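Student: Sharing a structure below in structure tokens format, with a few things to ask.
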Amino acid sequence: MEFSSKLLEKAVYEMAQLPGIGKRTALRLVLHLLKQPQEQTRFLSEALTTMREEVKFCSSCHNISDVAVCEICANPNRNHQIICIVEDIRDVMAIENTQQFKGIYHVLGGKISPMDGVGPSQLNIATLVEKAKTGTIQELIFALSSTMEGDTTNFFIYKQIKDYNIIATTIARGIAVGDELEYADEVTLGRSILQRIPLEISFKNN
């Protein structure tokens, strides 16, 4: 792809670093920005810069937040004895959209994947185990994607917490095997949360 401007080429290159954005799509987006008033482009640039510099991760659940403790964890009306374990913020958003879950979350930041060089120490597993040790947790809901990596992560965490007096459940398999939670429709995901099953049963079925 030949560019008439080095500035345009650099902007397209940086845009193409985003997931799911190829060079042609990046070029289309950059050209669109060039057609917009400079003020609109500046607003976008400032929003991205501010987000990157000021965004925080909740000290309790590791969810993305504007403050030290996210709104969900700080909400006294949520059931803090039930924790839903998810991979990332997109899963929190997906489950929240169902309006069926009234507990709190724990965001792992991914899933165990040796092929990608991601091990247990690179995820927020240690802080979850510390929560389990407090004796204040009644139930852990494992809501990871139903993939080999998701099941591996489930099993690893289960081994860490199985000796504590905690109910371990997983969302019902209304979510197809291999599917990511963020792509599930709200009705299916909501039912999967409400109709969750004991985690041990899911291990036996795999």
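Student: Go through the residues of the stretch 16-32 one by one and say whether even a single one is within 30 Å of residue 140 (Cβ to Cβ) and in contact with a His (Cβ under 8 Å, 6 or more places away or on another chain). Even if it seems obvious, please write down each step before you answer.
Tutor: At the first step, the residues of the stretch 16-32 found to be within 30 Å of residue 140 (Cβ to Cβ) are 19.
So of that shortlist, the ones also in contact with a His (Cβ under 8 Å, 6 or more places away or on another chain) come out as none.
The answer is no, given that none of the residues of the stretch 16-32 is within 30 Å of residue 140 (Cβ to Cβ) and in contact with a His (Cβ under 8 Å, 6 or more places away or on another chain).
Student: Shifting gears a bit: Condition (residue is exposed (fewer than 12 other Cβ atoms within 10 Å of the Cβ), within 22 Å of residue 189 (Cβ to Cβ), in the same structural domain as residue 196 (by TED's automatic domain parsing) and modelled with pLDDT under 95) applied to the stretch 90-101: is it met by at least one residue? Don't jump to the end; show me each part of the working.
Tutor: Taking the stretch 90-101 as the starting set, the residues that turn out to be exposed (fewer than 12 other Cβ atoms within 10 Å of the Cβ) are 99.
So of that shortlist, the ones also within 22 Å of residue 189 (Cβ to Cβ) come out as 99.
Of the ones still in play, those that are also in the same structural domain as residue 196 (by TED's automatic domain parsing) are 99.
Now narrow it down to the ones that are modelled with pLDDT under 95: 99.
Within the stretch 90-101 (the criterion being exposed (fewer than 12 other Cβ atoms within 10 Å of the Cβ), within 22 Å of residue 189 (Cβ to Cβ), in the same structural domain as residue 196 (by TED's automatic domain parsing) and modelled with pLDDT under 95), the answer is yes, since at least one residue qualifies.
Student: Take the residues in the stretch 80-89 that are of a type outside the set (A, V, I, L, M) and more than 21 Å from residue 152 (Cβ to Cβ); name whichever of them is surrounded by the fewest Cβ atoms within 10 Å (Cβ to Cβ).
Tutor: Going through the stretch 80-89, the residues of a type outside the set (A, V, I, L, M) turn out to be 80-81, 84, 87-88.
Checking the rest, the ones that are also more than 21 Å from residue 152 (Cβ to Cβ) come to 80-81.
Details: 80: 15, 81: 13.
Among residues in the stretch 80-89 that are of a type outside the set (A, V, I, L, M) and more than 21 Å from residue 152 (Cβ to Cβ), the one surrounded by the fewest Cβ atoms within 10 Å (Cβ to Cβ) is 81.
Student: To continue, here is another question. Taking the stretch 102-124 on its own, how many of its residues are among the hydroxyl-bearing types (Ser, Thr, Tyr) and either touching a residue at least 40 places away in the same chain (Cβ under 8 Å) or surrounded by 22 or more Cβ atoms within 10 Å (Cβ to Cβ) (or both)? Walk me through it before giving the result.
Tutor: The initial filter retains those residues of the stretch 102-124 that are among the hydroxyl-bearing types (Ser, Thr, Tyr), namely 105, 113, 121.
The next check asks that each one be either touching a residue at least 40 places away in the same chain (Cβ under 8 Å) or surrounded by 22 or more Cβ atoms within 10 Å (Cβ to Cβ) (or both); those that pass are 105.
Count: 1.
Student: A further question follows. Looking at 155, 142, which one is touching a helix residue (DSSP H, G or I) at 6+ places or on another chain (Cβ under 6 Å) and either farther than 24 Å from residue 64 by Cα or surrounded by 16 or more Cβ atoms within 10 Å (Cβ to Cβ) (or both)? Let's see the steps before the verdict.
Tutor: Numbers: 155 fails: touching a helix residue (DSSP H, G or I) at 6+ places or on another chain (Cβ under 6 Å).
None of the other options fit; the residue is 142.
Student: Being more than 16 Å from the chain's Cα centre (by Cα) and hydrophobic (A, V, I, L, M, F, W, C) is the filter; apply it to the stretch 46-94 and report the residue that is farthest from residue 142 (Cα to Cα).
Tutor: Top of the filtered list is 47.
Student: Considering the stretch 2-24 alone, what residues qualify as being part of a helix (DSSP H, G or I), more than 30 Å from residue 65 (Cα to Cα) and not basic (Lys, Arg)? I'd like the intermediate steps shown before the answer.
Tutor: Initial filter on the stretch 2-24 (part of a helix (DSSP H, G or I)): 6-15, 23-24.
Next, only the ones that are more than 30 Å from residue 65 (Cα to Cα) stay: 6-10, 23-24.
Correct list: 7, 8, 9.
Student: Moving on to the next point. Filter the stretch 14-45 down to residues that are aliphatic (A, V, I, L, M) and within 21 Å of the chain's Cα centre (by Cα) and give me whichever is nearest to residue 3 (Cα to Cα). Can you show your working first?
Tutor: So in the stretch 14-45, the residues aliphatic (A, V, I, L, M) come out as 15-16, 18, 21, 26-27, 29-31, 33-34, 44.
Remaining after also requiring within 21 Å of the chain's Cα centre (by Cα): 18, 21.
Numbers: 18: 20, 21: 18 Å.
If we take residues in the stretch 14-45 being aliphatic (A, V, I, L, M) and within 21 Å of the chain's Cα centre (by Cα), then 21 is nearest to residue 3 (Cα to Cα).
The values are calculated or read from the model by the stated rules, or taken from the named source; none is laboratory data. Just so it is clear, the model here is predicted, and its values are computed rather than measured. With ideal geometry, Cβ positions are generated from the backbone for all residues, glycine too; neighbour counts draw on all protein chains shown.
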